[in-house]
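Novice: Structure below; questions to follow.
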């Protein structure tokens, strides 16, 4: 992060992200209400799924930009550089996945030019599968790997605590959910089931890491560093709750399809993840002394990390 960056503008970034979430939910709820009131004219999945995907990709691009700025301020060899590098790659994977999904979507011109019998149509299907994996399993794997050095740094500076009964309980709920999802698949072995197994396993690991991160954040106070990791933690919880809702709610109600639940949860989740690098940039800018003052390193002392 360069010293010329305006701290006042950085401090407004979380507020603008929150405003975007509010506007998005208001518009999305209005569209869903219109679609449900006129089901013969408007289709809810068709009206909400495409716009939701574009919005999520745009917010993921914001996350990628902010993460790249945060990564630039870490020097080689600093403990958190590797973590932010993997978080940046995770944001990039989500952006690439969203762009490919839009380009290779069912209504895209490429599909009209390449009918199902065309030799290149198989390549389009492979690219779609790759885009799906990049936005799900690869992204979750990078996030899970990124939290390992973060938890090590927190332990090094005295913010580590042993997992509590609540932590294990939440982790157990995530594992039970994963087992139920797998049991529903009938135990068949295939690419889709293996992909689902990998995603559910990574989600369980992320939930456990988020619970450990939660206890460290509580001990940090209310500064931008603690808000950064709190946003990251909340993003993981929202991801898990969205997956749980998409699986549970259709079993008991036909009013909310998976497309509707996804349109209401995916953008807020992407926005919460974007708050993490935004708060990190604020902390880095505050720790940079103006003019010729010495730079205070955020990862070489407990007071700086606890802000």
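No lab work stands behind these numbers, since they all come straight from the coordinates. The structure displayed is predicted, hence computed values, not measured ones. A quick note on method: Cβ atoms are made from the backbone with ideal geometry, for glycine too, and the neighbour counts reach across all protein chains shown.
Novice: Multiply the residue separation of residue 23 and residue 78 by 0.36 nm, subtract the distance between their alpha-carbon atoms, and state the gained length in nm to one decimal.
Specialist: Net length gain for the segment: 16.0 nm.
Novice: What nm distance separates the two modelled labels at residue 241 and residue 156, each placed 7 Å from Cα along Cα→Cβ?
Specialist: 3.3
Novice: I'd like the distance between the alpha-carbon centres of the stretch 190-267 and the stretch 75-94, rounded to an integer number of Å.
Specialist: So the two Cα centres are separated by 20 Å.
Novice: With a Förster radius of 30 Å, plug the Cβ-Cβ distance of residue 219 and residue 195 into 1/(1 + (r/R0)^6) and report the FRET value to the nearest 0.05.
Specialist: 0.20
Novice: Assuming 0.36 nm per residue, please report the length gained on full extension of the stretch residue 249 to residue 54 beyond their Cα-Cα distance.
Specialist: Result: 67.8 nm gained on full extension.
Novice: Shape of the stretch 138-187 from its Cα gyration tensor (a ≥ b ≥ c, root eigenvalues): rounded if a/c is under 1.5, otherwise prolate when a/b > b/c, or oblate?
Specialist: It comes out oblate by the Cα gyration axes.
Novice: Compute the length gained on full extension between residue 182 and residue 9: take 0.36 nm times their separation in residues and subtract their Cα-Cα distance, giving the result in nm to one decimal.
Specialist: Difference between extended and current length: 57.7 nm.
Novice: Once you have a ≥ b ≥ c as the square roots of the Cα gyration tensor eigenvalues for the stretch 234-274, tell me rounded if a/c is under 1.5, and otherwise prolate or oblate according to whether a/b is larger than b/c.
Specialist: It comes out oblate by the Cα gyration axes.
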